[in-house]
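*Asks:* Structure in structure tokens, see below.
The values are calculated or read from the model by the stated rules, or taken from the named source; none is laboratory data. No experiment lies behind these values; they were computed from the predicted model shown. In this analysis, Cβ positions are derived from the backbone assuming ideal geometry, glycine residues included, and neighbour counts consider all displayed protein chains. Accessible surface is based on the protein model in full, side chains and every heavy atom, while ligands, DNA and RNA are left aside. Shrake-Rupley method; radii C 1.70, N 1.55, O 1.52, S 1.80 Å.
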Amino acid sequence: MKSDSTEYTIYFAGPLFDHKDLIGNALLAEAIREMSDGKYRCILPQDLEQFTDRAVDIRNQDLSYVMQCDLSIFNFDGTELDSGTVVEFMYAKTLDIPALIIRSDFRGSGDQQKDGDQWNLMASFYPRTRVLNFHAMEWYQATPSDLSNDHDVFDVARIFYRRVARQVIRELDAVMLDTPLLSYEDGQAYQTYRWAVQFPGGGLDETKIISEIEEIILSKKSKGLLS
């Protein structure tokens, strides 16, 4: 049985190609850890040590962490979604990993109706997935009003990301209550995870993750994330 002190790891996926992405990811991840009192710990791909510059090895490492983590967060900002993030999202959904999509981009996009998600419809409607939408500009401009006149940009960043983190934690708490699709008891989870190591090719099934599947599944079962 899981206890109140259970830690849940989160694969935090999103663009990481410029200084704004890198710092924003890191600040939000730390705010989530702090505001949840350590309940949620984000794994940032940008912080993973790369032992090689081979593209396939980097891909395999990221997919391995998606599989290992209990939950996942996906940054769906942009007029076009980051393609790597979408691949990681679909991999997480193949494994029935609870997911939270975050969009702070206030620009309209996608091919859905005005009340639909602001991205391509093929990335919507998946089970055990919640969406957190917020208007980044409005939240940013409102933040200084919470401070004294001598505030600086670091105070703004701290309050802004703590506000986002509170909403993220609420959604993570909720998505964990969704009924799992995969069952541990009949071996369904094990077979699905085995297949998820094989179908990407590229030598993923030759990495150490193949020997860790049973341990990963048992850990998730103990946390109530598998039926």
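*Asks:* Report the gain in length on full extension from residue 134 to residue 46: 0.36 nm times residue separation, minus Cα-Cα distance, nm rounded to one decimal.
*Replies:* Between residue 134 and residue 46, full extension yields an extra 29.3 nm.
*Asks:* Turning to a different aspect of this structure: Suppose only helical runs count, i.e. DSSP H with n ≥ 4. What mean residue ellipticity at 222 nm does that imply for the chain under -39500 (n - 2.57) per run, divided by all residues and rounded to the nearest 500 deg cm²/dmol?
*Replies:* Counting only the DSSP helices, I get -14000 deg cm²/dmol.
*Asks:* Quick check for you: with a 1.4 Å probe and neighbouring chains kept, what is the accessible area per residue of the range 32-93, in Å²?
*Replies:* Computed with neighbouring chains in place, this is 47 Å² per residue.
*Asks:* State the percentage of accessible surface on the range 172-227 attributable to carbon and sulfur atoms; use a 1.4 Å probe and exclude ligands, DNA and RNA.
*Replies:* Carbon and sulfur atoms account for 52 percent of the accessible area of the range 172-227.
*Asks:* Rounding to the nearest 20 debye, state how big the charge dipole of the chain is about its Cα centre with +1 on each Lys and Arg Cβ and -1 on each Asp and Glu Cβ.
*Replies:* In debye, rounded to 20, the chain gives about 460.
*Asks:* How far, in nm, would the chain grow between residue 58 and residue 90 when pulled straight, counting 0.36 nm per residue and subtracting the alpha carbon separation?
*Replies:* Gain in length upon complete extension: 9.8 nm.
*Asks:* So, one more: Give me the accessible area of residue 138, 1.4 Å probe, in Å² rounded to the nearest 10.
*Replies:* Roughly 110 Å² of residue 138 is accessible to a 1.4 Å probe.
*Asks:* If you place +1 on the Cβ of every Lys and Arg, -1 on the Cβ of every Asp and Glu, and leave all else neutral, what size is the dipole of the range 97-159 about its Cα centre, to the nearest 20 Debye?
*Replies:* 400
*Asks:* While we're here: Report the Cα-based extents of the range 110-227 along its three principal axes, largest first, to the nearest Å.
*Replies:* Taking max minus min along each principal axis of the Cα atoms, the range 110-227 gives 59, 35, 32 Å.
*Asks:* So with the 1.4 Å probe, I'd like the accessible area per residue for the range 101-227, rounded to whole Å².
*Replies:* 59
*Asks:* Estimate the FRET efficiency between residue 212 and residue 170 by the formula 1/(1 + (r/R0)^6), using the beta-carbon distance for r and 25 Å for R0, to the nearest 0.05.
*Replies:* 0.20
*Asks:* Moving on to the next point. Suppose the chain between residue 107 and residue 7 were pulled fully straight at 0.36 nm per residue; how much longer would it get relative to their current alpha carbon spacing?
*Replies:* Gain on extension, residue 107 to residue 7, equals 32.5 nm.
*Asks:* For the range 1-68, what percent of Cα pairs sit more than 15 Å apart?
*Replies:* Percent of Cα pairs beyond 15 Å in the range 1-68: 59.
*Asks:* Can you give the longest run of the chain that contains no chymotrypsin sites (Phe, Trp or Tyr not before Pro) sitting in a DSSP loop with at most 11 other Cβ atoms inside 10 Å?
*Replies:* Longest site-free region, per DSSP loop and neighbour criteria: 126-227.
*Asks:* Another question about this same structure. Of the accessible area of the range 44-150, with the probe set at 1.4 angstrom, what percent is carbon plus sulfur?
*Replies:* Whole-percent figure for carbon plus sulfur exposure: 50.
*Asks:* Then there's this: For the range 105-204, what is the charge dipole size about the Cα centre, in debye to the nearest 20, if Lys and Arg each add +1 at the Cβ and Asp and Glu each add -1 at the Cβ?
*Replies:* 160
*Asks:* From the C-alpha gyration tensor of the chain, pull out the three semi-axes of the equivalent ellipsoid (sqrt of 5λ each), sorted largest to smallest, in whole Å.
*Replies:* Those come to 30, 20, 18 Å.
*Asks:* Shifting gears a bit: What lysines does residue 221 reach when the alpha-carbon gap must be under 30 Å and sequence neighbours fewer than 8 apart in one chain are set aside?
*Replies:* Correct list for residue 221: 2, 39, 93, 208.
*Asks:* Cα convex hull of the range 27-132: mean projected area in nm², to one decimal?
*Replies:* The directionally averaged projection comes out at 7.6 nm².
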